[in-house]
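Worksheet: one structure, shown below.
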Amino acid sequence: MNKQPTDKIETQFDSLKWTAIVLLLAAGVVANIYFGAEPLALRAIAWLALLGVVFTMAALTAQGKMALHFFYESQIEMRKVVWPTKQETVQTTLIVIAMVLIAGLVLWSLDNFFLWAVGKITTLK
């Protein structure tokens with residue numbers, strides 16, 4: 001079972017698809033500039049249609065299939081996540097805010113102390 005010739009053909013088709021994708025995006029940019037006087041909403045709809053075609057073409061490549069598989073697996077993993085309750089989130093947030101305030105006060109105090117110390121040292125005669 002030699003799959004190398006089909007892999008090579010698929011790779012060539014993928015290269016062709018990526019080339020077509022780049023050309024379509026370039027054509028979209030040129031068309032957007034050329035039709036600059038048209039309403040923005042119309043150009044936005046055209047861009048959405050073009051991006052739909054481009055993403056569909058990209059999804060049909062080997063890299064696109066791997067990306068879709070990754071997103072599918074990510075969705076499965078996201079369902080396994082145990083999210084914190086509202087109470088846990090609020091408590092953690094309050095702890096973080098308190099620690100930031102304490103660290104800020106310590107740094108401010110050190111800054112003032114060093115400012116005072118350097119002032120005393122530099123004004124000695």
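The values are calculated or read from the model by the stated rules, or taken from the named source; none is laboratory data. Everything numeric here is computed off the predicted structure, so don't read it as measured data. Glycine gets a Cβ as well: all are built from the backbone with ideal geometry, and neighbour counts include every protein chain shown.
Couple of notes before you dig in:
- Pairs with Cβ under 7 Å, 6+ apart, first in region 15-29 and under 14 Å from Q63 (Cα atoms), second surrounded by 11 or more Cβ atoms within 10 Å (Cβ to Cβ) and of a type in the set (A, V, I, L, M): K17/M57; K17/L60; I21/V54; I21/M57; I21/A58
- Test: residue in region 68-90 that is farther than 30 Å from F13 by Cβ, assigned by TED's automatic domain parsing to the domain that holds Q12 and acidic (D, E): yes
- Check on A67, of a type outside the set (V, I, T) and surrounded by 10 or more Cβ atoms within 10 Å (Cβ to Cβ): yes
- Failed condition for A20, given (1) within 22 Å of the chain's Cα centre (by Cα); (2) surrounded by 13 or more Cβ atoms within 10 Å (Cβ to Cβ): (1)
- Of all the listed residues (T61, T93), the sole one being among the polar types (S, T, N, Q), surrounded by 10 or more Cβ atoms within 10 Å (Cβ to Cβ) and in contact (Cβ under 8 Å) with a residue 40 or more places away in the chain is T61.
- Test: residue in region 88-103 that is among the charged types (D, E, K, R), out of contact with any Leu (no Cβ under 8 Å at 6 or more places or on another chain) and at pLDDT 95 or above: yes
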